[in-house]
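Here's the structure, in structure tokens; my notes come after.
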Amino acid sequence: MNKTAVASSAAIPPARKKPVSQRVKEFIRDYKRQWEIQSMVLPGIIFMIIFCYIPIYGLSIAFKNYTVIDTLSSAPWVGLENFKIIMSDEYFWDAVVNTLGISFLKLAVGFVIPIILAIMIYELNMGRFKKFVQTISYLPHFLSWIVLGGMLITWFSTSGLFNELLLNLGLISKPSNILLDSGKYWWIATLSDIWKEAGWGTILYLAIMSKIDPTYYEAAKIDGASRLRQIWNITLPNMKSIISLNLILTVSGLLGSNLDQTLVLMNSQNRARAEVINSYVYRMGMTQGDFSYATAVGLGVSIVSVILLVTANSITSKLNDNQSVL
Amino acid sequence: MNRKVVKEDIDSRIFDAVNMILLVIFMVIILVPLWNVIISSLSSGKALAEGGFIFWSKEFSLENYRAVFNDSSIGQSFLVSVSKTFVGVFTHVFFCAMIGYGLSKRDIRGRKLYVAMGVITMFFSGGMIPTYLLIKSLGLLNSFWVYIIPALFSYYDVVILMNFFRNVPDSLEESAKIDGAGDWHIFLKIFIPLSMPAMATIALFNGVGQWNDFMTTKLYITNQALYPLQMKLYEIIVQSQTQSMQNIGGSAVIETTTKGVQLATIVITTLPIVAMYPILQRYFISGMMMGAVKE
């Protein structure tokens, strides 16, 4: 008894924690003292609990057999049953193939173009034209996918711009709607995405490039380095970390292809090559009401996405001299 | 030596010329389709039926726009779009600023927990179905508030505002405290007016998002009176697509009328964003930079 009194009155080493009851008391005391500032944060905490954490808890229906008459807690547990069905569901695997196909095309083509475009804009010497190019290149980003989808559908219709152009050039003899041709869908999805986002993707790169020390370029010029060599040896190395960061984020999003784009461009003719995982979740859950199954698909995808994020981060950090970019 | 300099100069000029030409091609690829949509929407049905590339209106006509505005539901949708964007942006910015201000105080109790909770929301979510079930049990299905309440908060925006508030000099707050001002008073009277640039950036980004959003309607709204323009346009597109697939080679008149209406609706849906564009552009670059600082 005497011992504890001594211990508590003496200066306690910082490593030792105070008893829980005392810490709670202190917390309540401080909370009351800070009530004004706490009242600003509290709505945010309540929001997160309701709109972020309750749905995360709701993922448990992936392991249940949830029907419309059930509540979250009354639905019976079925373990991994839903995941077993996924494994033998060929529509799901079609959606996986399409998602990966479209995402890899977008990654292979769409990742490089903004970098090249940013360098080209950066190399422009005329201030006014440079501003004009930037202004125009950002514009498509602000159109919604519904608007762009509507535009694509009119252009690709049999009497539309696209067919007219090919007919006049003599490349085809009969007009056809390529949006109904499932074999071309991956390219339509990829190229329309690039048209919309390439210019917008240059902003960050241009911001980084504006911080490169101009004396590097002057020194290179004196050494007789050509413009291309300057780009290769000065501009690109300076962009390395932001390029890796973008790459990580793109790779981790490989499985989440654009739902808006798919919903507006998909039709009964091209479904076989257009259905992606997200639209499949939408169809199974929202249209067919199979909530448990759709949630299981969504959960599987998020788990794989997190694994991709971690893997991509560790690979690029090895490439960047063990410095994690995330 | 002299010759070498001249050669480099020529190389550099060739580089500039090629660069120029490629960028002009890039401009054409972006601008021509947009121009084509605008001009086509201003053409008569006859001109549209003739087809061909429309670069300049062959037969100027406002009939497409008249058809769109005769449909009273378009006006209603416009109203829904405008009101959900204005209400949504205002509440979102205020809500995020309030939380960001609270979290910008380093001595606030429980700060570590709050930040951890926020960061987790950036990487994990329940996904489509659990969120739908939540919205349903909250009674937000087919309610205007489904556009506003779930969109109130974004931890990303909270972080940007929090960092901005931290850069405000401490002395301002201290002198206000000495005068007896409370935290709410300081936040509303000092920090909000000082943070207008940061809040305007977030407001513009969020506004574009709200205006363009269509998934919220697709998931949670079945009442046509609550359809925003994007959803209305989506319906017109889907409708015309099934129509043109059903009568391949069929009535060309129907196809061109729906085409004209579709084009006019596209222009009307996009116009507010393009009209805002000069104001937007000034802010969004600094906004992207603010986001980058965090990374």
Residue satisfying condition, being among the β-branched types (Val, Ile, Thr), free of Cβ contacts under 8 Å to residues at least 40 places away in the same chain and open to solvent by less than 20 Å² (accessible area, probe 1.4 Å), within set B:Ile74, B:Ile108, B:Ile120, B:Ile135: B:Ile108
With A:Thr158, A:Thr135 as the choices, which residue is at the interface with chain B (Cβ under 9 Å from one of its Cβ atoms), open to solvent by 20 Å² or more (accessible area, probe 1.4 Å), over 19 Å from A:Ser257 (Cβ atoms) and assigned to a loop (DSSP other than H, G, I, E, B)? A:Thr158
Examine region B:95-117 for a residue that is at pLDDT 85 or above, under 18 Å from A:Phe47 (Cα atoms) and of a type in the set (Val, Ile, Thr), and state whether such a residue exists. yes
I'm trying to understand the selection: among the residues of region B:114-143, which are more than 10 Å from chain A (Cβ to nearest Cβ) and of a type in the set (S, T, N, Q)? B:Asn142, B:Ser143
Let me spell it out: the conditions are (1) open to solvent by 20 Å² or more (accessible area, probe 1.4 Å); (2) more than 10 Å from chain A (Cβ to nearest Cβ), and B:Gly88 meets all of them except one. Which number is the exception? (1)
Matching option when the condition is open to solvent by less than 20 Å² (accessible area, probe 1.4 Å) and assigned to a helix (DSSP H, G or I), among A:Ile85, A:Ile146, A:Ile50, A:Ile54: A:Ile146
Between B:Phe78, B:Phe69, B:Phe86, B:Phe53, which is modelled with pLDDT of 95 or more and either over 24 Å from the mean Cα position of the chain (by Cα) or assigned to a helix (DSSP H, G or I) (or both)? B:Phe86
Pairs, please: C-beta under 7 Å, at least 6 apart or cross-chain, first residue within 21 Å of B:Pro33 (Cα to Cα) and in region A:164-181, second among the aromatic types (Phe, Trp, Tyr)? A:Glu164/B:Phe53; A:Leu165/B:Phe53; A:Asn177/A:Phe156; A:Ile178/A:Phe156; A:Leu179/A:Phe156
For residues that are touching a residue at least 24 places away in the same chain (Cβ under 8 Å) and farther than 20 Å from A:Gly149 by Cβ, tally how many sit in region B:27-43. 1
Criterion violated by B:Glu63 - all others in (1) within 11 Å of another protein chain (Cβ to nearest Cβ); (2) open to solvent by 30 Å² or more (accessible area, probe 1.4 Å) satisfied: (1)
Which residues, counting only those in region B:96-113, are in a helix (DSSP H, G or I) and at the interface with another protein chain (Cβ under 7 Å from one of its Cβ atoms)? B:Met98, B:Ile99, B:Tyr101, B:Gly102, B:Leu103
Whichever residue in region A:102-129 is free of Cβ contacts under 8 Å to residues at least 60 places away in the same chain, hydrophobic (A, V, I, L, M, F, W, C) and assigned to a helix (DSSP H, G or I) and, among such residues, is nearest to the other protein chains (Cβ to nearest Cβ): A:Met120
Among the candidates A:Ile50, A:Ile46, A:Ile61, residue that is farther than 18 Å from A:Val281 by Cβ and facing chain B (nearest Cβ under 9 Å): A:Ile50
Number of positions in region B:165-199 that are touching a residue at least 40 places away in the same chain (Cβ under 8 Å), within 17 Å of B:Ile108 (Cβ to Cβ) and open to solvent by 30 Å² or more (accessible area, probe 1.4 Å): 1
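The values are calculated or read from the model by the stated rules, or taken from the named source; none is laboratory data. None of the values given here were measured: they were computed from a predicted structure. So basically every Cβ, Gly included, is an ideal-geometry build from the backbone, and we count neighbours across all protein chains shown. We work out accessible area using only protein heavy atoms, side chains counted, and drop any ligands, DNA or RNA first. Shrake-Rupley method; radii C 1.70, N 1.55, O 1.52, S 1.80 Å.
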